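The values are calculated or read from the model by the stated rules, or taken from the named source; none is laboratory data. Here the structure is a predicted model, which is why all the values come from computation and not from measurement. As a convention, Cβ positions derive from the backbone with ideal geometry for all residues, glycine included, and neighbour counts pool all protein chains shown. Surface accessibility is based on the protein's heavy atoms, side chains included, excluding ligands, DNA and RNA. Shrake-Rupley method; radii C 1.70, N 1.55, O 1.52, S 1.80 Å.
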Amino acid sequence: LREKHFIELVNATLSGNFKIRVFNKYGQEALVKFANGVDPGQILTGIKDAKAFIPGQESQPRIHGCNSLSVDTIEKGHGRRFEISFNCPLEEAGSEWISMEVYDPGVGEATVGLIHEGS
């Protein structure tokens, strides 16, 4: 079973700018910003390349080590749901690649969540 998350916009026509926080199992955090016209490619790049913020460190590492992600798009009336799958086995049992929370939902009223944990 792959770890799977979602980012959902209530009104994709007004997606505007929104921001989410992405955390790894070590509690490190990345702030990911999305702009107008959000598409699956932006979601994939934003989550795949999210950099952990570590104070005092010049080079910021990626927030996770999975290189195989995919994004499916589901249209929902005026809204849009992006489902993000991590196609890598977990590094250790009982862990997860990432967790997410909304930092700024923007005018599109972005929400995030976990669809199912990986195994």
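Can Ile20 be described as part of a strand (DSSP E or B), within 15 Å of Tyr103 (Cα to Cα), open to solvent by less than 20 Å² (accessible area, probe 1.4 Å) and in contact (Cβ under 8 Å) with a residue 12 or more places away in the chain? Answer is yes for this residue.
Within the range 79-119, the set of residues being surrounded by fewer than 16 Cβ atoms within 10 Å (Cβ to Cβ), more than 20 Å from Thr45 (Cα to Cα) and touching a strand residue (DSSP E or B) at 6+ places or on another chain (Cβ under 9 Å) comprises Val107, His116, Glu117, Ser119.
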